[in-house]
Amino acid sequence: MINSNKEKDVQLYVVATPIGNRADMSFRAVEILKSVDLIACEDCRTSSPLLESYGISTKLVSYHKFNEKQRTSEFLNVIKEGKKIALISDAGTPCISDPGRILVQELLDCGVKVSAVPGACAVSTFLSMIPREREEFSFVGFLPRVKSQQQKLFEKYKNFDTVFYESANRLAETLENIAEFRGKDAGITVGRELTKRYEEICFGSVEEIIEYFKNNTLRGEIVCILYAAIANNDNDSNIVEQIKKLKNLNYSDKDISAILSALFDVNKNKIYKLSLNMKQ
Ligand code: SAM
């Protein structure tokens with residue numbers, strides 16, 4: 001059954017805060033954070049300086065992965081009293097590799113109207129400033145630490161540009177793993193310290209990036225994109241080109257996969273999926 005909340009008042013605001021540059025706080029975020037009855041935040045010590053700098057004195061209550069369940073029922077009671085809550089995280093958009101999904105889900109299940117105050121997010125910031133050939137991407141949050149799990153994940157998403165968060169002290173090892181899974185020519189872009197003083201974007205082959213970070217600072221907050229495996233070898237690039245040409249001649253995805261799989265001796269389904277995902 002469709003569950004529309006059009007007529008209700010918002011009782012939970014999911015509010016984005018800056019990912020590094022304090023000036024990236026939106027006017028509406030400040031307004032909403034001042035107006036609600038309480039702000040649920042990951043760590044009060046982290047959020048207080050930001051909120052104080054914008055003159056926000058609303059009561060803060062901690063909400064993190066270790067008390068999500070307990071706080072969710074407490075917040076539900078607060079909302080039943082007719083009060084309003086805002087959810088923020090340490091930085092960026094709550095629920096994106098940050099706590100919040102349990103609260104949002106639970107409140108939606110209870111018929112509470114939830115709304116977002118959008119703003120900074122490392123994924124969207126990064127994607128808007130890097131080289132990209134295609135619109136589609138997959139976002140996987142933080143990479144698993146175990147090498148075999150990383151391999152499984154990159155295999156699963158190999159036909160998509162894959163965006164992931166990684167800590168600075170694990171990145172070197174992860175890059176070595178990627179070189180092993182995908183070859184040293186795999187294309188990658190690393191974003192570091194976005195919106196901050198030492199912001200840096202570097203792109204190249206995984207081999208070049210490994211070399212670069214041997215001689216340069218590898219600190220701070222990191223977001224990466226590993227480009228789709230399809231663009232990583234000549235045969236695949238050629239197939240992509242041929243798909244584009246046949247699409248322009250109005251061949252169906254099915255015909256394209258039949259023709260090109262015969263010509264290139266490549267799995268028909270793989271070409272069919274590529275063709276489906278590619279714009280005319
Ligand atoms: N909710 C946040 C968002 O909207 O992007 C992400 C929170 S997650 C716990 C934190 C991770 O996001 C960092 O470890 C890093 O990988 C990435 N990140 C956050 N801020 C960043 C920045 N300024 N530059 C690069 N990556 C950043």
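The values are calculated or read from the model by the stated rules, or taken from the named source; none is laboratory data. In this text the structure is predicted, and so the values were computed from the model without any measurement. Don't worry about glycine lacking a Cβ; one is built from the backbone with ideal geometry, like all the others, and counts go over all protein chains shown. Just so you know, the surface numbers come from the protein's heavy atoms only, side chains and all, with ligands and any DNA or RNA stripped out. Shrake-Rupley method; radii C 1.70, N 1.55, O 1.52, S 1.80 Å.
Observations on the model:
- Residue count, the stretch 150-169 (criterion: open to solvent by 10 Å² or more (accessible area, probe 1.4 Å) and either near the ligand (Cβ under 10 Å from one of its atoms) or of a type in the set (A, V, I, L, M, F, W, C) (or both)): 5
- Restricting LEU38, LEU51, LEU76 to those that are within 30 Å of GLY220 (Cβ to Cβ) and either over 24 Å from the mean Cα position of the chain (by Cα) or not assigned by TED's automatic domain parsing to the domain that holds LEU108 (or both) reduces the list to LEU51.
- Looking only at the stretch 1-31, and only at residues there that are aliphatic (A, V, I, L, M) and under 15 Å from THR93 (Cα atoms), the one that is surrounded by the most Cβ atoms within 10 Å (Cβ to Cβ): VAL15
- Entry remark, the stretch 84-100: residues being open to solvent by 10 Å² or more (accessible area, probe 1.4 Å) and either near the ligand (Cβ under 6 Å from one of its atoms) or in contact with a Cys (Cβ under 7 Å, 6 or more places away or on another chain) (or both) number 5 in total.
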